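One structure below.
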């Protein structure tokens with residue numbers, strides 16, 4: 001039996017063969033120790049798996065799973081599943097496998113964070129570093145939320161929209177500053193604000209915020225790859241929910257978009273079963 005995991009900063013999707021998708025907290029070895037990860041596995045994953053399950057392979061694709069950090073996740077999994085062959089790779093390679101299979105393409109992640117790569121059908125051959133939501137992560141949920149907050153607090157949006165935003169989330173300028181600068185995981189907080197953008201996407205200023213954010217993503221990332229003759233595919237909640245704005249930005253730049261999938265877990269299962 002094969003267990004597949006796709007993990008972002010916010011949540012992890014798991015599936016055994018073609019079974020139902022199981023959800024746990026996000027796992028990122030840049031921010032969590034092996035013990036923290038083991039606790040998530042014990043408290044959230046194991047209770048949802050069939051009793052006495054015997055796994056042959058585990059393929060874990062996760063944010064922060066660089067070659068140096070992936071050993072942290074692997075050690076936590078080995079404790080619980082000693083009989084399984086365990087493979088820990090980056091979420092970006094998972095996106096490439098899910099979106100491109102064994103053909104070349106440009107694979108993009110637009111979720112809480114963002115990332116992209118040029119994939120030759122077997123491996124990632126070019127990757128512009130995303131740099132995180134402070135220095136980069138253009139087009140991500142965290143950066144969209146950051147721009148929404150900044151535009152509200154700097155009076156760049158209509159007053160009724162600013163008021164509705166603060167009321168929707170029960171926020172004040174002081175609580176926003178507290179959550180962004182003094183509390184942990186500000187990226188998750190900022191990304192959690194994006195449903196407001198979806199609900200008010202017809203407002204001209206919000207439409208401009210969305211399209212310009214995705215234009216920045218293309219300019220600063222995708223257009224450094226050989227995009228002229230290569231389809232550009234997308235995975236992630238932001239890509240899925242703002243598909244039309246992503247396509248609009250791409251069209252403005254002469255970029256050909258391909259697949260849009262919300263979660264790669266199903267395609268990853270097919271990839272490994274084949």
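The values are calculated or read from the model by the stated rules, or taken from the named source; none is laboratory data. Just so we're clear, the structure is a prediction, and the values are computed from it rather than from any experiment. When we count neighbours, we look across all protein chains shown, and the Cβ atoms used for this are built from the backbone with ideal geometry, even at glycine.
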* Asked: Which one is nearest to the chain's Cα centre (by Cα), of the residues in segment 132-147 that are crowded, with 17+ Cβ neighbours inside 10 Å, assigned to a helix (DSSP H, G or I) and free of Cβ contacts under 8 Å to residues at least 60 places away in the same chain?
  -> 142
* Can we say residue 115 is touching a helix residue (DSSP H, G or I) at 6+ places or on another chain (Cβ under 8 Å), in contact (Cβ under 8 Å) with a residue 12 or more places away in the chain and within 19 Å of residue 89 (Cα to Cα)? -> yes
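Results for (1) in a helix (DSSP H, G or I); (2) touching a strand residue (DSSP E or B) at 6+ places or on another chain (Cβ under 6 Å); (3) surrounded by 16 or more Cβ atoms within 10 Å (Cβ to Cβ), shown as yes or no for each residue.
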position: 168; (1), (2), (3): yes, no, no
position: 171; (1), (2), (3): no, no, yes
position: 178; (1), (2), (3): yes, no, no
position: 187; (1), (2), (3): yes, no, yes
position: 196; (1), (2), (3): yes, no, yes
position: 205; (1), (2), (3): yes, no, no
* Asked: Which numbered condition trips up residue 6, out of (1) in contact (Cβ under 8 Å) with a residue 40 or more places away in the chain; (2) farther than 21 Å from residue 237 by Cβ?
  -> (2)
* Say whether the condition of being outside any helix (DSSP H, G or I), at pLDDT 95 or above and under 17 Å from residue 112 (Cβ atoms) is met by at least one residue in segment 148-164. => no
* Of all residues in segment 194-223, which are under 23 Å from residue 98 (Cβ atoms) and in contact with a helix residue (DSSP H, G or I) (Cβ under 9 Å, 6 or more places away or on another chain)? -> 194, 214, 217, 218, 222
* Could you grab me the full set of residues in segment 75-92 that are in contact (Cβ under 8 Å) with a residue 40 or more places away in the chain, in contact with a helix residue (DSSP H, G or I) (Cβ under 9 Å, 6 or more places away or on another chain) and more than 18 Å from residue 40 (Cα to Cα)? => 84
* Structure fact -> The helices (runs of 4 or more DSSP H) lying wholly within segment 32-129 that contain at least 3 residues that are buried (at least 18 other Cβ atoms within 10 Å of the Cβ) and touching a strand residue (DSSP E or B) at 6+ places or on another chain (Cβ under 8 Å) are 70-80, 91-100
* Asked: When segment 115-131 is examined, which residues are found to be farther than 16 Å from residue 225 by Cα and within 16 Å of the chain's Cα centre (by Cα)?
  -> 131
